[in-house]
1. Do any residues in segment 85-112 that are at negative phi and touching a residue at least 60 places away in the same chain (Cβ under 8 Å) have Cβ atoms under 6 Å from those of residues that are in a loop (DSSP other than H, G, I, E, B) and surrounded by 14 or more Cβ atoms within 10 Å (Cβ to Cβ), where the two are at least six apart or on different chains, and which pairs are they?
2. What are the residues in segment 52-74 that are within 21 Å of residue 101 (Cβ to Cβ) and in contact (Cβ under 8 Å) with a residue 12 or more places away in the chain, if any?
3. For segment 99-118, which positions are outside any loop (DSSP other than H, G, I, E, B) and surrounded by 18 or more Cβ atoms within 10 Å (Cβ to Cβ)?
4. Can you confirm whether segment 61-78 contains a residue that is in a helix (DSSP H, G or I), closer than 29 Å to residue 133 by Cβ and modelled with pLDDT of 85 or more?
5. Only residues that are at pLDDT below 85 and within 14 Å of the chain's Cα centre (by Cα): list them for segment 33-53, please.
6. I'm trying to understand the selection: among the residues of segment 143-163, which are more than 8 Å from the chain's Cα centre (by Cα) and assigned to a helix (DSSP H, G or I)?
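The values are calculated or read from the model by the stated rules, or taken from the named source; none is laboratory data. Note that the coordinates shown come from a computational prediction; the quantities given were computed from them, not determined experimentally. Because the Cβ atoms are built from the backbone with ideal geometry, glycine has one as well, and the counts that use them run over all protein chains shown.
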């Protein structure tokens with residue numbers, strides 16, 4: 001036992017150096033300062049799955065992990081659209097979800113912003129328009145920002161949320 005403790009004392013702490021500050025940290029810090037400037041409080045997001053394959057939801061869930069730490073930036077997800085500042089909509093809008101999406105949009109207080117996440121929400125994606133889907137989110141409700149990708153990376157989602165927080169109808173977040 002003493003030999004093991006001596007070895008621990010001689011070795012010291014073995015730790016990896018911090019990774020260099022990547023693009024996601026700059027985007028997150030810009031997002032945090034913009035939220036403080038525009039809202040002076042946390043931004044509440046209501047995420048609506050309008051018929052997606054759940055690929056985009058996995059990337060949105062990644063924003064909640066300790067690496068991206070979305071709540072540390074002043075963003076939280078809420079269960080009710082009545083408490084939301086921003087709607088994050090994924091997937092092509094299925095015919096059964098069209099009215100629910102419209103009601104969710106109507107229940108969100110003004111000024112509200114809408115981010116269409118992924119290719120399916122932008123244009124219908126691989127599902128397109130058909131007997132089961134209406135297609136793009138913009139056919140049902142007005143969209144402020146489109147985040148392209150199938151699924152978009154978490155950094156692209158952060159950029160899209162940042163573009164929406166900055167306000168206005170800015171179109172695609174990759175511009």
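1. If the second residue must be in a loop (DSSP other than H, G, I, E, B) and surrounded by 14 or more Cβ atoms within 10 Å (Cβ to Cβ), the pairs left are 108/84.
2. Scanning segment 52-74 gives 52, 53, 55, 56, 57, 58, 59, 60.
3. Within segment 99-118, 101, 104, 105, 113, 114, 115, 116, 117, 118 qualify.
4. Yes; the residues of segment 61-78 include at least one that is in a helix (DSSP H, G or I), closer than 29 Å to residue 133 by Cβ and modelled with pLDDT of 85 or more.
5. 43
6. Hits for segment 143-163 are 155, 156, 159, 162, 163.
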